[in-house]
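The values are calculated or read from the model by the stated rules, or taken from the named source; none is laboratory data. Keep in mind that what you see is a predicted model, and the values were worked out from it rather than measured. When we count neighbours, we look across all protein chains shown, and the Cβ atoms used for this are built from the backbone with ideal geometry, even at glycine. Note: areas computed on protein heavy atoms with side chains; ligands, DNA, RNA excluded. Shrake-Rupley method; radii C 1.70, N 1.55, O 1.52, S 1.80 Å.
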Amino acid sequence: SGLEPLAWSEDHRVSVSTARSIAVLEQLSDVHSGGQDMVIHRTAVPAPGAACMLKVGPKKEVAECKEKFASSADPTVSQTFMLDRVFNPEGKSLTPMRGFKYSSWSPLGCDANGRCLLAALTMDNRLTIHANLNRLQWVQLVDLTELYGERLLEAGYRLCKADAPCGELGDFPEFQRRHSMQAPVRMEWSGICTTQQVKHNNECRDVGSVLLAVLFENGNIAVWQFQLPFLGKESITSCNTIESGISSPSVLSWWEYEHNNRKMSGLIVGSAYGPVKIIPVNLKAVKGYFTLRQPVVLWQEMDQLPVHSIKCIPLYHPYQKCSCSLVVAARGPYVFWCLLLISKAGLNVHNSHVTGLHSLPIVSMTADKQNGTVYTCSSDGKVRQLIPIFTDVALKFEHQLIKLSEVFGCVRTHGIAVSPCGAYLAVITTEGMANGLHPVNKNYQVQFVTLKTFEEAAAQLLESSVQNLFRQVDLTDLVRWKILKDKHIPQFLQEALDKKIESCSSTYFWRFKLFLLRILYQSMQKAPSEVTWRPSHEDAKILISDSPGMGSTEDDQEEGTSKQASKQSLGDTGKGVDIDDTAEDSLHQSSDTGGREPMVEKLLEIQAQIEAVEMHLTREHMKRVLGEVYLHTWITENTSIPTRGVCDFLMSDDGYDDRTARVLIGHILKKMNKQTFPEHCSLCKEILPFTDRKQAVCSNGHIWLRCFLTYQSCQSLVYRRCLLHDSIARHPTPEDPEWIKRLLQGPCTFCDSPVF
């Protein structure tokens, strides 16, 4: 359902708007699975059960006015009222307004887990914001339609006090005006910006914030400002309404431009009649942001070509040697483009249209913001790829046809979205015509098409400026597929990665190496003959004393149990089971069959490499934790972090010779002044020695898992876990100082995944 049913977030979740819910498909690059297929976790945001009624006045007065308009003798009033679904969302004799009209993802880092928020607009004009806080369940944080209606009611349905008093609700034009000024058309998130917050002692601190622009039917734009992390109604900082002056608005997009370290912003608004223009947005108290002095018209012709979609792509101009903005808009079957460039003369605007792309109107458009490639599709199953090429004056587009019919057969397309790094294109399809006849039933499917080769994905990962594996899941998924398919790491990738590790001190390349080794390990594993979740059909209820072959039955049962345990450990590598156990299981399986000694040696060799890389990453993070301890303690102080244990663990290996670590540990031990501050078991009060980075065991055998972010023992029944089940972390407590809470906000040190 909706106009643009597909959206792909920066944290690799695809939202699909349907009549009953928003289906969310999360792509994972699973290091614990040997299957070559894409790994997708599916959740859903359900549609509200009750219809949304916009607040236009007191309930009793609104009910009386509705009855009056419905029974009016003037057909222009009664029929307009009865057929307008904004006035009648519940439908009555008409079909109910079920489903979602539009969804929009926020930038990465907006919710409590540092991930993306989802803004959802239903068909009956309810705008809500949702977050995925506990991994599998979506929670509604705020209903913006209700809040905006309350604000309008308090202001007497006037934008400012200088406006003339509003008319009576019983007048049909006034009834329409109050609905149109709060019926959302589209909403879009801005990038994360920094605001200044004044403390009680008059100190200023930088606080992250994000803006959500909501376009209404009457052309007004409400700009909501949220403080990060967004937790709910209490995180709303302000709400300002801007008059765009656009009649019959259809689409909205943020324009964000950076020039000489000065950021500028505005809102691009398109009309159903054709015009496109940029509206200035005055961002008060937003650090380093500037705005336009007056609106900039990008296209002014009222040519009746509705603007369906707008994308703004930041690019670098190779001839002008400066940054620029490329604005592309789908208008009917054409693509309108506009190049915005700031020079000494001011703002330069170049615009034109790309024609000859589609024979039918464009139904969906998406853009790869890394290289500026634009993808458009029409309902006949044709997808076009447009690549911008700069010229001395402006730019031109090279376009080529992507024939989905060669991949999926005859299909109709309803929406497209490109992944954040441009590796995949998601397409919603239904069956096309067969023998000149339309299908009886429509089966909607989300198809994934690769846009990059393995070599391109590997090169992009090696030269990445992001240096975060989680933010490049679509690229790592292509690398994962290639290694699982060929059962080896390509030589060129191995050599290039080793060079990067030697020349660069970043731990990103070590994490990338760990990822490759884990996938290689999975590719060497023998696939289980049966599906692990399927129950066995063997009769387990046999009285052993009554069976004639008692000894053989016990042996068979033991053998079956050992095989099942082996399979379970293989499947549960990601559930906290040490990878050593998996290697031993594989070793036993291989030695049973005989003749597979080389494979066993290879597995053990890979296992040793995995252990070495994990230990290197652990030591690097331990150094970071010790650095935080040193910076934030002045005298001998119990920081609740097992500082002495971490120091001893780092120095316990004679082969580990890191001068930086030794100097840091020397300063810390001098500051601790022979104090040890050991951890104690909460059950028996015995000392918990620091002998293992993963767990702590007291002398009475009580086992506590260790937090991988602070190396404290998690002595509670609840803790957090990273997305790929690599490690566990404790929850922050109110008594934790700010620097420990900051450490606990970090991602997984092995796979960069967020922690839940």
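The table that follows gives values for the structure above.
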item: When each of Lys60/Lys311; Lys452/Lys500; Lys403/Lys499; Lys233/Lys741; Lys382/Lys513; Lys513/Lys741 is checked by Cα-Cα distance, pairs over 32 Å; result: Lys60/Lys311; Lys403/Lys499; Lys382/Lys513
item: Long-range Cα-Cα pairs in region 637-756 (distance over 16 Å), rounded percent; result: 65
item: Sum of -39500 (n - 2.57) over DSSP H runs of 4+, divided by residues of the chain (222 nm, nearest 500); result: -8500 deg cm²/dmol
item: Debye, to nearest 20: dipole size of region 261-373, +1 on Lys, Arg Cβ, -1 on Asp, Glu Cβ; result: 640
item: Geometric extent, Cα atoms of region 298-397 - Rg, Dmax (angstrom); result: 13.7, 46
item: Dipole in debye (nearest 20) - the chain, about Cα centre, beta carbon charges: Lys, Arg +1; Asp, Glu -1; result: 2500
item: Histogram of C-alpha separations across region 360-471, 10 Å bin width, %; result: 13, 39, 29, 15, 4, 0
item: Per-selection Kirkwood Rh - region 222-274 (Cα, Å, 1 d.p.); result: 13.5
item: Acute angle (nearest 10 degrees) that the helix 59-70 long axis makes with the longest principal axis of the chain, alpha-carbon atoms; result: 50
item: Candidate lysines - alpha carbon under 20 Å from Lys526, same-chain residues fewer than 8 apart omitted; result: Lys482, Lys485, Lys487, Lys563, Lys567, Lys575, Lys602
item: Net +/- balance of residues flanking Phe690 in space, Cβ distance below 12 Å, scoring K and R +1, D and E -1; result: +1
item: Whole-angstrom Cα spans of region 96-231 along principal axes, big to small; result: 48, 44, 19
item: The chain, accessible area per residue, ligands and nucleic acids excluded (1.4 Å, Å²); result: 49
item: Rg followed by Dmax, in Å, when region 39-141 is reduced to its Cα trace; result: 18.3, 60
item: Share of pairwise Cα separations in region 310-364, more than 16 Å, in percent; result: 48
item: Region 452-502, Rg to Rh (Cα coordinates; Rh as Kirkwood inverse mean 1/r); result: 0.94
item: Candidate lysines - alpha carbon under 17 Å from Lys263, same-chain residues fewer than 8 apart omitted; result: Lys284, Lys287, Lys344
item: Theoretical gain in end-to-end length, Ala70 to Phe492 [0.36 nm per residue, Cα-Cα removed]; result: 144.6 nm
item: Overall Cα dimensions of region 226-366 - principal axes, largest extent first, Å; result: 48, 40, 26
item: Degrees separating the helix 508-524 axis from the principal Cα axis of the chain, which is the longest one; result: 70
item: Debye-sum result for region 417-471 in log10 I(q)/I(0), which assumes one identical scatterer on each alpha carbon, at q = 0.12, 0.23, 0.27, 0.31 Å⁻¹; result: -0.46, -0.92, -1.08, -1.18
item: Relative contact order, percent, the chain [alpha-carbon distance under 8 Å, six or more residues apart]; result: 8
item: Sorted largest first, extent of region 717-756 alpha carbons per principal axis (Å); result: 29, 22, 10
item: Under the Debye formula (equal points on every Cα, no solvent term), log10 I(q)/I(0) of region 472-523 at q = 0.23, 0.26, 0.29, 0.30 Å⁻¹; result: -0.88, -1.07, -1.21, -1.24
item: Nonlocal amide H pairs with Leu117, under 5 Å, H built at 1.01 Å; result: Ser106, Cys110, Asp111
item: Of Cys410, Trp189, Leu347, farthest towards positive along the dipole that unit charges on Lys, Arg, Asp, Glu beta carbons give the chain; result: Leu347
item: Nearest 10 degrees, 0 to 90: helix 550-571 Cα axis against the chain principal axis; result: 50
